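Here's the structure we're looking at; comments come further down.
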Amino acid sequence: MNGAQSLIASLVNSDVEVCFSNPGTSEMHFVAALDSVPEMRGILCLFEGVASGAADGYARMAEKPASALFHLGPGMGNAIANLHNAQKAFTPLVNIVGEHATYHRKFEAPLTSNIEGYAEPFSKWLRVSEASADVGADAADAIAASQSDIPGVATLLLPANTAWDPGGRVADKVPLAGPRTVDSQVIKDAGRRLEKANRAVMLINGSAVRERGLEAVARIREKTGATIYLSTFHARAERGAGRVNISKLPYFPDQIYAALDGCDELILVGQDRPVTFFAYPGKNSDCTPEGVEPFKLSTLADDQIGALEALADEVGAPAIDRIAEDPRSRLIVPELQTGELTPRTAGHAVAAMLPENCIIADESTTAGGASYALTANSPQHDLIALTGGAIGGGIPLAIGAAVACPDRKVVNLQADGAGMYTIQGLWTIAREQLDVTTVIWNNRAYNILNMELHNVGAANDAGPKALSMFDLSNPDIDFCALAQGMGVEAMRATTSEEFNDQFAYCMVNKGPHLIEAII
């Protein structure tokens, strides 16, 4: 057994059964070893950013890591944007990066680079396998590290000779400790703070955004009157009829300030203090109200749901079923709209036809507000979204989610400009015959940048040359042609009626499909 074979067998031993890859010469023995370990599913992506984003989406839905295979430093460099998003989502993910043979590095061949230096900023764990006998154990350690404490990205560098040399040994799975229990005194302190506050706000993230966590905060809200917000950018939320609907903290600074106005107690659950996405002239970056020191109930390494349920009991909150007005959403099927196609009219169709237990991969940016609000009362579904702000995550997240959950429909609500960053992902969707419907919101603009131009105070200085930098027309991008060229059935909607019919077709027929919505 060579090192590469021991690597793949050790990955499978630790329940890592999917590898999203874009390999090169230094990874050939890894690729060849796929046939010797049939339990490992290799999925080819045409760009490394698709592979890293797909591994992120897979792990969010499978609740265990995928692996991603990259070719040397430049290959990993192409993956970094979506590795950044995975880091901000606290996703367990195992990178395997091919490296020149140990004896070849000194010759400074064209693809030689400081891979460790590239990987360190987004890797919570980083190691170079120095010998084939070490590779299996290194893989098991990487998988454990990606899931331990606060989950994150683990990166294993595999020199080519450690892959092809004999002597590989398969490693057993490294046992993992569960999340930490929050100390009872912390629970008591949080309860006292809630009771004394004039206006308490709780900001929640991580596993607290799942069904049990949302029910616990609804109980706390009922008893104490606290205002609850989800983190603006959360990795995975469970939504829909029968679940508690909690608003997200807004995106823009003035809206955040207004949401927190009058707050005299801020309790954080799996979340740091609220800050603006960017710096804006004359505005505070830290949105915590003056004079308020946030209280951290739990970190992402803690049992957040257990902490919330203990806090609900501490303050004497009623059981969810004993709250007079049930805080859980009721199923509402909005009426389909006619006439001009807008994000709102399309949102009515999405909300009305969303199938039970589907997954939404959301990178809608400015077009997504209506769909997000309306689907709060749709059948139960999961929503995974961009976390780190590096655009180009939507299509890859949809790929990973569909691989992790092959029996669930995946709907990718995708901005046009962001979609072009990883449009190659449509080819992987077609190749793997994934049940993904991609809706491209085509407004032919980087519309968020038109908004931010005003927010940063630069609009008065912007003329035609500046504004052209946000314009995605001239020429118009033909998403249907792009999709069809990669094997995805595509259709274009220019009216609400067309969108209604096309979305209905896609929901009752297995994908892959793409709808280009001209809005």
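Where a number appears in this text, it was derived from the coordinates with a stated rule and is not lab data. These figures come from a predicted structure and were not determined experimentally. Cβ placement follows ideal geometry from the backbone for every residue including glycine, while neighbour counts extend to all protein chains displayed.
Things worth noting here:
- With semi-axes defined as the square roots of five times the eigenvalues of the C-alpha gyration tensor, the equivalent ellipsoid of the range 411-463 measures 33, 10, 7 Å, largest first.
- Expressed in Å, the radius of gyration and Dmax of the Cα atoms of the range 96-165 are 12.6, 39.
- Antiparallel DSSP beta bridges within the chain, percent to nearest 5: 10 percent
- Evaluating 6.51 cos²θ - 1.76 cosθ + 1.60 at θ = phi - 60° for every residue in the range 352-366, the Karplus couplings come out as 6, 10, 4, x, 4, 6, 7, 10, 9, 9, 10, 10, 6, 6, 6 Hz, glycine and proline recorded as x.
- In the range 184-319, the inverse of the mean reciprocal separation of distinct Cα atoms equals 14.9 Å; this is its Kirkwood hydrodynamic radius.
- A simple rule links phi to the HN-Hα coupling: the Karplus curve 6.51 cos²θ - 1.76 cosθ + 1.60 with θ = phi - 60°, which for the range 458-473 gives 9, 4, 5, 8, 8, x, x, 5, 5, 5, 5, 6, 10, 9, 9, 9 Hz, with x for Gly and Pro.
- Point-charge dipole on Cβ atoms (K/R +1, D/E -1) for the range 184-319, about Cα centre, debye to 20: 280 debye
- Equivalent ellipsoid semi-axes, the chain, via Cα gyration tensor eigenvalues times 5, rooted, Å: 37, 31, 23
- Between residue 169 and residue 433, full extension at 0.36 nm per residue minus the direct alpha carbon distance yields a gain of 91.6 nm.
- Calculated FRET efficiency for the pair residue 472/residue 510, C-beta based, R₀ 41 Å, to 0.05: 0.85
- Computed over the range 3-164, Kirkwood Rh from alpha-carbon pairs, angstrom: 15.0 Å
- When the P(r) is computed for the range 226-285, the part past 12 Å accounts for 72% of the Cα-Cα pairs.
- Highest mean packing first, where packing is the average number of other Cβ atoms within 10 Å per residue, the peptides 349-357, 215-223 line up as 215-223, 349-357.
- All distinct Cα pairs of the range 343-518 go into the 1/r average, and the inverse of that average, the Kirkwood radius, is 16.4 Å.
- Selection from 301, 327, 280, by position along the positive dipole direction of the range 278-387 (Cβ): 280
- Between residue 407 and residue 335, the modelled labels are 3.8 nm apart [label points 7 Å from Cα along Cα→Cβ].
- In this calculation the C-beta distance from residue 313 to residue 264 is compared with R0 = 22 Å, giving a FRET efficiency of 0.40.
- A simple spin-label model places pseudo-atoms 7 Å from Cα toward Cβ; at residue 498 and residue 275 they are separated by 4.4 nm.
- The chain, helix-only ellipticity at 222 nm - DSSP H runs n ≥ 4, -39,500 (n - 2.57), divided by all residues, nearest 500: -11000 deg cm²/dmol
- Backbone amide hydrogens, once placed in the peptide plane, bring residue 202 within less than 5 Å of 227, 228, 229, 267, excluding anything fewer than 5 places away on its chain.
- In this entry, the range 377-436 is assigned a mean projected area of 4.5 nm², taken as a quarter of its C-alpha convex hull surface.
- When each of the peptides 453-463, 485-495 is scored by how many other beta carbons lie within 10 Å of its residues on average, the order from highest to lowest is 485-495, 453-463.
- The alpha-carbon of residue 283 sits under 30 angstrom from the alpha-carbons of these lysines, leaving out residues fewer than 8 places away in its chain: 88, 196, 248, 296, 465.
- Spin-label model, residue 196/residue 292: points 7 Å from Cα along the beta carbon direction are separated by 1.6 nm.
- Among 427, 441, a tally of other beta-carbon atoms within 10 Å of each Cβ gives an order, fewest to most, of 427, 441.
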